[in-house]
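The values are calculated or read from the model by the stated rules, or taken from the named source; none is laboratory data. Small disclaimer: the values here were computed from a predicted structure and weren't measured. Here the Cβ positions follow ideal geometry from the backbone for every residue, glycine too, while neighbour counts run over all protein chains shown.
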Number of protein chains: 2
Amino acid sequence: MGLVVQKYGGSSVADAEGIKRVAKRIVDAKKSGHRVVVVVSAMGDTTDELIDLAQQVSPIPAGREFDMLLTAGERISMALLAMAIKNLGHEAQSFTGSQAGVITDSVHNKARIIDVTPGRIRTALDEGNIAIVAGFQGVSQDKKDITTLGRGGSDTTAVALAAALEAEVCEIYTDVDGVFTADPRVVKKARKINRISFEDMLELASSGSKVLLHRCVEYARRYNIPIHVRSSFSGLPGTWVSNEPQGNQPMEQAIISGVAHDTSEAKVTVVGVPDKPGEAATIFRAIADAQINIDMVVQNVSAASTGLTDISFTLPKTEGRKAIQALEQTKEAIGFESLRYDDQIAKISLVGAGMKTNPGVTAGFFEALANAGVNIELISTSEIRISVVTRADDVGEAVRAVHSAFGLDSESDEAVVYGGTGR
Amino acid sequence: MGLVVQKYGGSSVADAEGIKRVAKRIVDAKKSGHRVVVVVSAMGDTTDELIDLAQQVSPIPAGREFDMLLTAGERISMALLAMAIKNLGHEAQSFTGSQAGVITDSVHNKARIIDVTPGRIRTALDEGNIAIVAGFQGVSQDKKDITTLGRGGSDTTAVALAAALEAEVCEIYTDVDGVFTADPRVVKKARKINRISFEDMLELASSGSKVLLHRCVEYARRYNIPIHVRSSFSGLPGTWVSNEPQGNQPMEQAIISGVAHDTSEAKVTVVGVPDKPGEAATIFRAIADAQINIDMVVQNVSAASTGLTDISFTLPKTEGRKAIQALEQTKEAIGFESLRYDDQIAKISLVGAGMKTNPGVTAGFFEALANAGVNIELISTSEIRISVVTRADDVGEAVRAVHSAFGLDSESDEAVVYGGTGR
């Protein structure tokens, strides 16, 4: 039996009962012969409560102090979890991110991991202990200040530790049974995916699936750490994310993993951009300088009569105002006609391997949307994904139609194979 | 202007408003030209809430993990305080006990400070910052584990930092105006003490005065750091504790500092102890082995007819059961007759310099109690203190009678001089 890293989210340790339930599960893994490292998030709403307090004392809390504040949350949950495990008769020691050797850069609130040097964790394991590590936090390499890793930070801590410790698997425990073929709140017939490749999981994550974040999957792929996403409330197996083949499917067939949607984005259209070299660069340099991450970018051919084109892109709604301001300031330099801002959009994505070489998939996707009466506003594709932008009101209808059209609905028991039929 | 260390207790930073009020006071000190180091406790009831959580997951929480848990409290308050100061336009940085260089032994939950190496604090000050330090916590010298300092730990952190940084003064901010001649809840006419010596403050602290704990005063005396105890709610000067003379009193007169009382103790009497060498040693070795701190010890001459004596001692009520068990186990070895346990007692102490050489003080103390109809059960004296044990029910009556008899009541404006009259 090897080493397993388990990660428990805030909803799994929301109260004393949750902590005791998680402790029991950890002890079970230890009893079965594993060496166990546990990464834990802050209890339930703790982080939100701390953020609220910060805003009461300062409208724009400073990064260093904000990180110092937030890391108190994991400190509480990890110490309680270690106590609960000891209470079951097993040895456990808790470690802060710093003690666990999670070394980061100095970008407070969204630091990136530079290195993991888990010497103290190894010692704890060698002494027969269960090691409990605070997720979401590290220590900066240059200033030795406490940092936090930003959204999805605890999952990333778990994967990074699994990589550094050469774990067999990184188990991500959450409040759902795994990754689904679509959001079960939108598509009642969504099925749990048993196995999925890193690549497909990356596309699902960046297309709106919230179970695993892109960053953590990317890390796992780089170090080839299998992730097992599963529920801390049930004993059921969940979804395995790895680089192993997905079932025994014939090569070169498209295997549809699922349908993701995202209503957190807005669309900006820069209207009437002169169709000459350097214009797009000027636009997106302005956006980048404002520290805004964008998602889809679409530019169509320009109208021959005017020599002008339109460039559209999507970005988080929360960044909308900043983007518009940044673009207004470059209006003269670029010479565009106007800006359009639309935050009533949804992005719907179909993800699956082999899609590009199976033209029927794209056609089937658009047909399904057409049959459901859903208008397509933007289209963007990758090797294993097709995304469209539609009206936000249409999102449920659109996702259900696509899910059904690709045979993902739960009447079928097996993973869906699609392709080779020319449809 | 020199360096000042300010310490704020949990009641001063109980909520966002309190934190903002404290931030303003700190900024005022900085504006007046001081270099400022601030030690802060956990907000209001945070520590109690964390203890409650710990007990929900484990009836006897492990020391190391318990310390990890509790230190989350100061982490929250110090980060918020630094943010609030920055919001007022001044630079502040928060530091954990470990970052501030508070090095302790490895006795979790009640670690003792071994060394203070405040290199990072000095750097922060040199850069013009206000340094905020978590009270109550440190890092163990050998294992690099997080420790807590136990009761009064934040005051001790403040004094220790003041000593290491050679501060002009250590200001202890609390929710009362200073040290009083008696507990104002019991004696309405109690007066604030303007100046008091380390020695008198030590005796008051060990006799039940709760404003400053013995440990912190002892540390301050050893390194000769003046303490200024004052309210964080008012701008009034409080009580100065130092080794300077108390006012312009003639030498060799008794100067009564105040009357302290303590109802947190119980009395154990070992009845019928053979009056021969080694018996008392056996009794108190048994108590010490059970890790129990005792307070007063009284043994009277033995009755000539039996050759047996009684030994009484007082100890915290919380340790009562443990002490009785420890003594029961040594009953055969010692050969005592029986044990008596009484937790309905109060200890009343009169503290003041020069008492021993002014016999009238002792007599006046006992007369005041007699006139109030209060029976004395045990007596114990030191160079600058007389303590008696009475019934718990009598405590208010007794303290008021003594306070009044020694002219401490607030009609008189000046510190009370007593002695030389033979009374």
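Selection over the range B:26-48 of residues that are more than 21 Å from B:Thr123 (Cα to Cα) and more than 23 Å from the chain's Cα centre (by Cα) gives a count of 1.
To keep it simple, each residue is scored yes or no on (1) of a type in the set (A, V, I, L, M); (2) loosely packed, with under 14 Cβ neighbours inside 10 Å; (3) more than 30 Å from B:Val107 (Cα to Cα); (4) at pLDDT below 85.
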position: B:Asp275; (1), (2), (3), (4): no, no, yes, yes
position: B:Ala286; (1), (2), (3), (4): yes, no, no, no
position: B:Thr314; (1), (2), (3), (4): no, no, no, no
position: B:Thr318; (1), (2), (3), (4): no, yes, no, no
position: B:Val361; (1), (2), (3), (4): yes, no, yes, yes
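So which residues in the range B:8-49 are within 11 Å of chain A (Cβ to nearest Cβ) and not in a helix (DSSP H, G or I), if there are any at all?
B:Asp15, B:Ala42, B:Met43
Taking the criterion of being assigned to a strand (DSSP E or B), surrounded by fewer than 24 Cβ atoms within 10 Å (Cβ to Cβ) and in contact with a helix residue (DSSP H, G or I) (Cβ under 8 Å, 6 or more places away or on another chain), would at least one residue in the range A:97-110 satisfy it? Checking the range A:97-110: not a single residue is assigned to a strand (DSSP E or B), surrounded by fewer than 24 Cβ atoms within 10 Å (Cβ to Cβ) and in contact with a helix residue (DSSP H, G or I) (Cβ under 8 Å, 6 or more places away or on another chain).
One line per residue, one yes/no per condition, for (1) of a type outside the set (D, E, K, R); (2) surrounded by fewer than 23 Cβ atoms within 10 Å (Cβ to Cβ); (3) modelled with pLDDT under 90; (4) in a helix (DSSP H, G or I):
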{"site": "A:Met201", "(1), (2), (3), (4)": "yes, no, no, yes"}
{"site": "A:Leu204", "(1), (2), (3), (4)": "yes, no, no, yes"}
{"site": "A:Ser209", "(1), (2), (3), (4)": "yes, no, yes, no"}
{"site": "A:Arg215", "(1), (2), (3), (4)": "no, yes, yes, yes"}
{"site": "A:Ala220", "(1), (2), (3), (4)": "yes, no, no, yes"}
{"site": "A:Ile225", "(1), (2), (3), (4)": "yes, no, no, no"}
{"site": "A:Val229", "(1), (2), (3), (4)": "yes, no, no, no"}
{"site": "A:Pro237", "(1), (2), (3), (4)": "yes, yes, no, no"}
{"site": "A:Trp240", "(1), (2), (3), (4)": "yes, yes, no, no"}
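In summary, A:Asp52 fulfils each of the numbered conditions (1) more than 8 Å from chain B (Cβ to nearest Cβ); (2) among the charged types (D, E, K, R); (3) touching a residue at least 60 places away in the same chain (Cβ under 8 Å); (4) surrounded by fewer than 24 Cβ atoms within 10 Å (Cβ to Cβ) with the single exception of condition (3).
Pairs are defined by a Cβ separation below 6 Å, a sequence spacing of at least 6 or placement on different chains, a first member in the range B:130-156 that is among the aromatic types (Phe, Trp, Tyr), and a second member that is assigned to a loop (DSSP other than H, G, I, E, B); the pairs so defined are B:Phe136/B:Leu149. Selection of the range B:267-315 for residues being part of a loop (DSSP other than H, G, I, E, B) and among the acidic types (Asp, Glu) yields B:Asp275, B:Asp295. Of the listed requirements (1) in contact with a helix residue (DSSP H, G or I) (Cβ under 7 Å, 6 or more places away or on another chain); (2) within 14 Å of B:Ile256 (Cα to Cα); (3) of a type in the set (D, E, K, R), B:Arg215 misses just one: (2).
Name the residues in the range B:320-342 that are of a type outside the set (A, V, I, L, M) and surrounded by 16 or more Cβ atoms within 10 Å (Cβ to Cβ), would you?
B:Gly320, B:Thr330, B:Phe336, B:Asp342
The sole residue among B:Leu125, B:Leu161, B:Leu88 that is under 27 Å from B:Asp28 (Cβ atoms), away from chain A (no Cβ under 14 Å) and surrounded by fewer than 22 Cβ atoms within 10 Å (Cβ to Cβ) is B:Leu125. Residues that are without any contact (Cβ under 8 Å) to a residue 40 or more places away in the chain and more than 28 Å from A:Ile294 (Cα to Cα) occur at least once in the range A:182-196.
Quick test for you: out of B:Ile60, B:Ile76, pick the one residue that is outside any helix (DSSP H, G or I), under 26 Å from A:Asn87 (Cβ atoms) and within 13 Å of chain A (Cβ to nearest Cβ). Among B:Ile60, B:Ile76, only B:Ile60 is outside any helix (DSSP H, G or I), under 26 Å from A:Asn87 (Cβ atoms) and within 13 Å of chain A (Cβ to nearest Cβ).
Between B:Gly150, B:Gly178, which is at pLDDT below 95, out of contact with any Ser or Thr (no Cβ under 8 Å at 6 or more places or on another chain) and either assigned to a loop (DSSP other than H, G, I, E, B) or within 18 Å of B:Arg222 (Cα to Cα) (or both)? After applying the criteria, what remains is B:Gly150. Scanning the range B:380-387 finds no residues that are farther than 20 Å from B:Met296 by Cα and out of contact with any strand residue (DSSP E or B) (no Cβ under 6 Å at 6 or more places or on another chain).
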